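Below: the structure, in C-alpha cells.
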Amino acid sequence: MRFISAFLRRVTSPTIYWLFLFHFLYLFQIHATESMGGFYFNAQGILLILLSFVPVALLFYLVNFLCNRSKKALILGNLGFLFMYGLGAAYHFHARVQFEWDMLKDNLANTFYLESLVYMWNSLEKEVFNYVLVFVLILLFMEWKHRSISRFQATVSGWRPIGVVVGLYLACLFSAMPCYDPPSAFLKSIYVYYFKSMIHVNYEPGGYLLQTSGNANFNSFTPSKQSSPHIFLIVVESLNQSVIGKKTDAGKEITPFLNQLATQSLVVQNFYANSIQSARGHVSIFLSLLPSITDKITTQYVDLTTYSLADALKDNGYKSVIFHAYDLNGFDNVQQFFGTRGFDMKTVKPYVKPEDKPYVWRGWGPEDNVFFKRFFDYYDQGGFSDKPMFFSLVTVASHFPFSSVPEHRRLLHKVPKDIHEEYANSIHLVDRGIALFFDELKARGLDQNSIVIVTSDHTIPMGEHGIYHQEAGYYEESFRIPLFIHWPDQIQPEVIDEPYSQMDLAPTILDMIDAKVGAHHFMGNSIFSKELQPVVLIQPYGKRLSIVYWPYKFLWHGKTGDIEVFHLADDPMESQDIYSQTTSSQRERFMDDLANIYLIQKLYQHDEVYKNKSVAR
C-alpha cells in the first residue's frame, strides 16, 4: 500500500481531482438537460459515467507528461486544458450539441470576420466561464500553497510513458466507447468524420448522372400572355415558416405584410431549405443541386462545372444580378463562385447614404428597408426597364444574434425577455422592408408584370425541440421556410400542401417564363408540374440526413447508423418513431436514396455534374 501511495503521489496531483469534479458537474448538467440523451442510473448508465472519466484522465496525463520539463509549461498546460474544456462545455450548453470537427473545418475561413466573432460569442453559455474562473483560482491557489501542478516537473523522462498514454487515448477515440468530455468528443469527431459517417457507393467515372436534356421537369405552366417579365427573388436571411401569421402576446402581427401577401400569392405550405447556412441554400436555389454533405461547394469545389440558373436565363434573353445586403469581401467565396457562373454580383454598400446611418446597426449590412431603397437606386441608375432581368435580393439584417436590433428599432418588444421576442423584433423589420419593396415596385409601374418570389436561405430553430442553433437542428423547424410567388393576373392565389424545396425554385422560374433549355443538371421540378419527388434535407454537422416522402420522413443518424421515421401529418413534432411500422420496400427505397446522396457527393469531388464545358463553368 505504501508503494501504491508513493506511486500515485508521484504521477498524480490534486489537480486531477478538481478536473474530475469539473467533469462531474458537466455530466450532471448533461443529465439535467438531456442534451445528449440523458444518463440513466442503471448498471449501464453508471458504467458509462465511470468510463467517461478515462479519456479525461488520459488527457490530463498527456498534458502533464508533455509539459513536465518546465514549471511554467505545466501551469499553462493545465490551465489551458481547463479553459478548452470550459470553452467546449460553454458551446455545448448553449447549442445543445458538442462542437465537432466538421463545424470547424467548414467555417474556419470565416472565423475572423467581425460578425462571425459576434456569432461565435453569442453561441456560448457565458455562465460556464464563471465556473472556469473559480476552478482556475482554486488551482492557482493550490499551486501557490502546495505545488499541486508543478510537482509533475521532471518526473517523467523518455517517450515511453507518453507513448503508452497516447496509445490508450487513441484506443478510447477509435473504440465504440463514448467520449463525453468536449476535448475528446471533438477529437473523436475527426475520426468519425473521415472513417465512420459514410455510406460506401459504387462510383464509376464518366457517368455524369445528373445531366439531362430538355424541359421535362419545367414545362407545365402556361402564361395567359407571352411576355418576358422582370423576376425579383427576395432571399430573406433566417426567415422561418413558423413565424408567418403569428402574433405577439399583445396581439400584434409579426408579419402583417407577408400575411396579406399570402392571400394574393401562390404559397407552398411545406417548403424546405435543403440544408443550413446561406452558402448551402444559395447552391440549391441558383444551381438546383443538393448541398454538399461535407464542406461547402462554394469553397471546396470552386472549379465545379455547372449550368446555373443564370446560364439558363441568359440563353432565354435574361441578365441575372445577385444584389447583396452584405459586403462581398470573400465570405464563403460567394462572389467568386457565383460571379463565374453567369451572375453579376453587386452589393448595397456603394449605394448607402449618410441619412441611412440609423438603420445600419450591424457590421454585415443595413436594415432591410434601406437595403430595398438602395436597390431601387441601383435599378434606376442601371437602365433595366427595357430588358428582361432576374434580380436576386439577398438580405442580411435578420441574421443571428437577433439581440443586435437596437432599441430605437425594436417595434414590437422594447425590452425583449427572450430569443423569441428578439426574433419577432428582427422579422417584423423584415416584413416592413418587403412592404417597402412592393411600394417601390408599384411606384415604377413594375408591380403588374413582374414575378416576385419571397423565400429564405435557411431557418433558425426556435427551441421547438430545445434547439436554438443551426448546427444542432435536424427536425422540421430546422428546414421549413416560406415560399410566396406573386404574379398578378398570371398566377392565382393558392395554397399548395405538397412538399417542395429550394432545388425546385430554378425549374419553377424557368417554367413560368416558358424557357427553352438544352443540357442541364437541375435536380428539382417545377412546382407547377405537380410531380412530387423526395425532398432531401442535409444537416452536415453530425451527418444527419433526412428524406421526406410526404407524409413520411426518414432520418439517418450518420454517427450511429440509426434510422428514425416520422409521420409528419399525424406527428408534426416528430415525437413518435414509427420505423418498426414501415415496410421493407420503404426501407430499401430510403437506403437506395441515401446511397444516391453519397454518389452525388462523388460527382462533386470528380467534377462530373455537367459536361458541356464550352457553355458553362
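The values are calculated or read from the model by the stated rules, or taken from the named source; none is laboratory data. As the structure is a prediction and not an experimental result, all values here were calculated from the model. No Cβ is skipped: glycine too gets one built from the backbone with ideal geometry, and neighbour counts run over all protein chains shown. Surface areas here come from the heavy atoms of the whole protein model, side chains and all, with no ligands, DNA or RNA. Shrake-Rupley method; radii C 1.70, N 1.55, O 1.52, S 1.80 Å.
Return the residues of the stretch 233-250 that are of a type in the set (S, T, N, Q) and crowded, with 20+ Cβ neighbours inside 10 Å; say none if nothing qualifies.
Residues satisfying the conditions are SER238, ASN240, GLN241.
Filter the stretch 469-514 down to the residues that are β-branched (Val, Ile, Thr) and over 20 Å from the mean Cα position of the chain (by Cα) and list them by number.
Hits for the stretch 469-514 are ILE485, ILE491, VAL495, ILE496, THR508, ILE509, ILE513.
Would you please list the contacts, defined by Cβ atoms under 7 Å and residues six or more apart or on different chains, that run from a residue in the stretch 173-201 that is in contact (Cβ under 8 Å) with a residue 12 or more places away in the chain and closer than 30 Å to LEU603 by Cβ to a residue that is open to solvent by 30 Å² or more (accessible area, probe 1.4 Å) and among the charged types (D, E, K, R)?
Going by the 7 Å Cβ cut-off, the qualifying pairs are VAL192/LYS559; LYS196/LYS559; SER197/LYS559; VAL201/LYS602.
May I ask you to say which residue of ILE485, ILE460 is within 25 Å of PRO534 (Cα to Cα), part of a loop (DSSP other than H, G, I, E, B) and touching a residue at least 24 places away in the same chain (Cβ under 8 Å)?
ILE460
Only one of TYR131, TYR113 is within 23 Å of LYS296 (Cα to Cα) and touching a residue at least 12 places away in the same chain (Cβ under 8 Å). Can you tell me which?
TYR113
Which condition does GLU588 not pass, out of (1) without any contact (Cβ under 8 Å) to a residue 60 or more places away in the chain; (2) open to solvent by less than 30 Å² (accessible area, probe 1.4 Å), if it passes all the others?
(2)
Which residue is most open to solvent (accessible area, probe 1.4 Å), if the candidates are limited to the stretch 251-301 and must be outside any loop (DSSP other than H, G, I, E, B) and among the hydroxyl-bearing types (Ser, Thr, Tyr)?
THR299
When only residues in the stretch 545-583 that are part of a strand (DSSP E or B) and of a type in the set (Ser, Thr, Tyr) count, which is surrounded by the most Cβ atoms within 10 Å (Cβ to Cβ)?
Here the residue is SER546.
Can you tell me which residue among GLN226, GLN211 is at pLDDT below 90 and more than 19 Å from ARG544 (Cβ to Cβ)?
GLN226
Considering the stretch 527-544 alone, what residues qualify as being assigned to a strand (DSSP E or B) and at pLDDT 95 or above? Please lay out each step first, then the result.
Of the residues in the stretch 527-544, the ones assigned to a strand (DSSP E or B) are 535-539, 544.
If the condition is that a residue be assigned to a strand (DSSP E or B) and at pLDDT 95 or above, then VAL535, VAL536, LEU537, ILE538, GLN539 are the ones that fit.
Do we have any residue at all in the stretch 103-125 that's open to solvent by 60 Å² or more (accessible area, probe 1.4 Å), at pLDDT 90 or above and in a helix (DSSP H, G or I)?
Looking for residues that are open to solvent by 60 Å² or more (accessible area, probe 1.4 Å), at pLDDT 90 or above and in a helix (DSSP H, G or I), one finds none in the stretch 103-125, hence no.
Only one residue in ILE467, ILE491 is in contact with a helix residue (DSSP H, G or I) (Cβ under 9 Å, 6 or more places away or on another chain), in contact (Cβ under 8 Å) with a residue 12 or more places away in the chain, under 26 Å from SER450 (Cβ atoms) and assigned to a loop (DSSP other than H, G, I, E, B). Which one?
Working: ILE467 fails: under 26 Å from SER450 (Cβ atoms).
None of the others qualify; the one that does is ILE491.
Can you pull out the residues in the stretch 469-499 that are over 19 Å from LEU545 (Cα atoms), open to solvent by 20 Å² or more (accessible area, probe 1.4 Å) and of a type outside the set (D, E, K, R)? Walk me through it before giving the result.
Of the residues in the stretch 469-499, the ones over 19 Å from LEU545 (Cα atoms) are 482-498.
So of that shortlist, the ones also open to solvent by 20 Å² or more (accessible area, probe 1.4 Å) come out as 486, 488-490, 492-495, 497-498.
Passing the criteria: HIS486, PRO488, GLN490, GLN492, PRO493, VAL495.
Would you point out the residue of the stretch 457-468, among those that are crowded, with 20+ Cβ neighbours inside 10 Å and of a type in the set (A, V, I, L, M), that is modelled with the highest pLDDT?
It comes out as ILE460.
Sort out which residues of the stretch 133-150 are surrounded by 20 or more Cβ atoms within 10 Å (Cβ to Cβ) and either among the basic types (Lys, Arg) or assigned to a loop (DSSP other than H, G, I, E, B) (or both), and write them in order of number.
Residues satisfying the conditions are SER148, ILE149.
Give the residue, chosen from TYR359, TYR351, that is open to solvent by 10 Å² or more (accessible area, probe 1.4 Å) and over 22 Å from SER238 (Cβ atoms).
TYR351
Got a number for residues in the stretch 391-444 being part of a helix (DSSP H, G or I), under 30 Å from ASP315 (Cβ atoms) and basic (Lys, Arg)?
0
Scanning for something part of a loop (DSSP other than H, G, I, E, B) and touching an Asp or Glu at 6+ places or on another chain (Cβ under 8 Å), does the stretch 371-390 turn up at least one residue?
Checked the stretch 371-390: no residue is part of a loop (DSSP other than H, G, I, E, B) and touching an Asp or Glu at 6+ places or on another chain (Cβ under 8 Å).
Could you say which residue among SER292, SER278, SER228 is polar (S, T, N, Q), in contact with a Pro (Cβ under 9 Å, 6 or more places away or on another chain) and over 21 Å from PRO488 (Cβ atoms)?
On inspection, the qualifying residue turns out to be SER292.
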